[in-house]
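The values are calculated or read from the model by the stated rules, or taken from the named source; none is laboratory data. The structure presented is a predicted model; accordingly, all values stated were derived computationally and were not measured. Virtual Cβ from ideal backbone geometry, glycine too; neighbours counted across all protein chains shown. With ligands, DNA and RNA removed, areas are computed over all heavy atoms of the protein, side chains included. Shrake-Rupley method; radii C 1.70, N 1.55, O 1.52, S 1.80 Å.
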Amino acid sequence: MAKEHAMRKRLVSHTYTKTFIQSSPTVARQARAILLDRLLPIITASTTACQEPRGVEVAALFMATSMDFITAHIYGLSGGTDFLRETAYREHWIEMFITRFQPSFYLQELPRITWFLATCGIRLQPHISILAKAELEDWNQAMFDKTASRLAGHPSHQDTGLLAELQVSDSSVAANETFKWGKAEDEPTVMQSLLSSLEREQTAHKTDQALHSKIYGRLALTAKSELYDHIIAGQETTALALTYLTWKLSVHQDVQDLMRAELLSLRASELDTSAPFFPDAKTLDSLPILHAVIMETLRRYPPFEGPLPRQTPESGCRIGPYELPGGVRIAGMAHTLHRDTTVFPDPETWDYKRWTGTDEETRKAQNRQFWAFGSGSRMCIGSHFAMHEMKATTAMIYSRFKSLIVDDSMMEPEDEE
Ligand code: HEM
């Protein structure tokens, strides 16, 4: 299981490294197109004095932004979504997403029994959730097929039989006719890399029966499910973090002013003032206040703060003062770790200064305790992509606009005041 998991992760992990994200012209051009051509015009329109209702609902806007980001990275800009502009389909998609998620208990905790009962006609999930799940899978399949047919039509594509094995449907092949290669933003980075890694590894592990039956014997399923996982894992999480960040910056106007000053001084140093302000990912990553407000938002409002399960090794282990037997399921929670007062004093307070100007030892302890992306072999594969997306989105908005609260009555998590 661990071997299979490590193998799956290795197939695409290099397209999510910090170095790759910060140096890829494709990633940069996709961010530029999504933020300058799609997001900023919507925000600009929301600032007109006569607009009713006032303001803009940022949660939906960030859901759309992060969906456009992650699907562009996987399937290319024109092969991914345009949720920022296609609002009707976006709303339908969010409804599907919520509907399929409701009965996650049986699927997550008892997957084999759920599957077995389903084969006997006994369904532990409401029919509507099954339909929603199937529709979302079909939606991903359509993007996958369209991109596979584009890849097959790529001038440098050498027919090794892999794309044929993926059984691209006839209707999606038609999409090939309208597609032109040559634009960096249209490169389907993750999918392209996944397919070539699969091909390489398939040859290298020809004799490994276990891997063959789980991965190489079902190539199409492996590839589609892997990419679908990235979309589901990468969309809502990043959008939630951006929503909480915008809220906190709107509440704490003094912090917003400081962060804007950092961005505006960068903008003032640009030589070509006629081009739209769009600093590269590396430059954005070097801004201390921008970094601190994002880290503090992820600490105080981790998008995934529930239990992250792990199993103890067969020989048992010791965690802190506790001696644990082998094969036991335990869990860590960002919520708890981020409220350890020995590392984060006054933990309920959102205070970006925790992440600026602290001494080396404190900084190390904070980073060790920071668990918004988990850690170890199961750690989030998209953490650098998410940081890049959050920094670019925040910088593009706040270098041009100020934000204020119109209505934040739903913002405090339900178990809090
Ligand atoms: C602020 C944004 C994000 C947060 C807070 C977040 C958080 C997490 C957490 C807590 C985990 C579980 C880690 C563990 O069990 O130790 C995880 C796993 C994962 N995340 Fe993210 N994530 C974010 C964005 C993304 C993005 C943009 C992607 C896009 C690829 C992504 C893809 C994944 C995948 C594929 C896994 C499973 C990794 C594995 O099985 O080893 N995440 N994420």
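Quick notes on this structure:
- Test result for S286, in contact with a Gly (Cβ under 8 Å, 6 or more places away or on another chain), among the hydroxyl-bearing types (S, T, Y) and away from the ligand (no atom under 11 Å from the Cβ): no
- The number of residues in segment 237-263 that are surrounded by fewer than 20 Cβ atoms within 10 Å (Cβ to Cβ) and either at pLDDT below 95 or of a type in the set (G, A, S) (or both) comes to 2.
- Figure legend. Inter-residue proximity from segment 189-201: first residues over 17 Å from A6 (Cα atoms), second residues open to solvent by 30 Å² or more (accessible area, probe 1.4 Å) and at pLDDT 85 or above, beta-carbon distance below 9 Å, spacing 6+ or different chains. Indicated pairs: T189/F20.
- Residue that is surrounded by the most Cβ atoms within 10 Å (Cβ to Cβ) [pool: residues in segment 351-373 that are assigned to a loop (DSSP other than H, G, I, E, B) and either charged (D, E, K, R) or within 16 Å of the ligand (Cβ to nearest atom) (or both)]: A372
- Scanning segment 374-400 for residues that are open to solvent by 40 Å² or more (accessible area, probe 1.4 Å) and within 7 Å of the ligand (Cβ to nearest atom), we see that the one that is nearest to A72 (Cα to Cα) is I381.
- Within segment 1-45, the residues that satisfy the criterion of being in a helix (DSSP H, G or I), modelled with pLDDT under 90 and open to solvent by 20 Å² or more (accessible area, probe 1.4 Å) are A2, K3, E4, H5, A6, R8, K9, R10.
- Scanning segment 275-294 for residues that are in contact with a Lys or Arg (Cβ under 8 Å, 6 or more places away or on another chain) and modelled with pLDDT of 95 or more gives A281, L284, D285, L287, L290, H291, A292, V293, I294.
- Yes/no for R150 being among the charged types (D, E, K, R), open to solvent by 50 Å² or more (accessible area, probe 1.4 Å) and modelled with pLDDT of 75 or more: no
- Taken over segment 303-327, the criterion of being of a type in the set (V, I, T) and surrounded by 12 or more Cβ atoms within 10 Å (Cβ to Cβ) is satisfied by T312 alone.
- Scanning segment 32-80 for residues that are of a type in the set (V, I, T), more than 17 Å from L242 (Cβ to Cβ) and in contact with a helix residue (DSSP H, G or I) (Cβ under 6 Å, 6 or more places away or on another chain) turns up just one, I74.
- Residues in segment 197-213 that are loosely packed, with under 14 Cβ neighbours inside 10 Å and at pLDDT 80 or above: R200 only.
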